[in-house]
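Take a look at the structure below.
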Amino acid sequence: MRTRTVIAGRLGAVGELWGNRGLRRAQLAWGGFHAAEWASVVALSVVAFETDGAGAVGLVLFARMVPSAFVAPLVAVVGDRYRRERILVVVHLVRACACLGAAIALVVSTGVVAVYVLAVLAAVPLAAHRPCHLSLAPLLARTPRELAASNVAALTFESIAVLLGPAAAAVLLAVSGPAAVFGTCAIVSFLSFVAIAGVHPSGLVAPPEERPSVRRELREGARALVENRPVRLVVGLFGAQAFVRGVSTSCS
């Protein structure tokens, strides 16, 4: 009974935001991003295992996390200086091009190193995607109810993507191969790019003369993290969750 209630609540949230064109397109792009992410991870793992063994799988998946770790401190600053939807357009376009490049590299047999490099490139937008999307939703919601529904819908779409992405990759691997998976991820990422390109929020970024320097923003953020215990706790828990997820993905 409780499961039915939860499912009904999530479906109701999805229906709530469906009348908001901007939120609808943003959430579809969100789901597409995560589906392509998990499907490409499966394909990359298969390529690495077949070429260099189990050790290469963990090494390559770890290498995918390194760029995000270095980019993450700058993401919040960039998100405050430029329009979120434009950043997301770049995110989805980079992912589409990288996946397409990996598919082509496999088809023409240019070497597995090219696939590894493109897979790492596809992971660079990871750090920018989640914060920019979550900060874009309040600019698109017309009412607090729509914003709450958007948060529930985002969780629903992400959960579905985590399930369907690897499942679709498994089917494509069975009937074709990793190149087909990367090609499909490129198509899904391009569709996400098209979806987010049609989003036009009303919120504006601060003019250049009102923006603090990047160094100052980073310094103030570090100070807030050190001095504010609740913030430190939330960031620590989120970081631990991301670390565990990355380790579990590498081990699997």
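Residue 124 sits among other residues whose Cβ lies under 13 Å from its own Cβ, and their net charge, with Lys and Arg +1 and Asp and Glu -1, is +1. The slack in the chain from residue 142 to residue 54, taken as 0.36 nm per residue of separation less the alpha-carbon distance, amounts to 26.8 nm. Annotation: peptides 62-71, 176-185, ranked by per-residue average of other Cβ atoms within 10 Å with the highest first, follow the order 176-185, 62-71.
Taken together, the values in this text are just the output of simple stated rules run on the coordinates, not laboratory data. What you see is a predicted model, and the numbers here were worked out from it, not measured in a lab. FYI the Cβ positions are ideal-geometry reconstructions off the backbone, even for glycines, and counts take in every protein chain you see.
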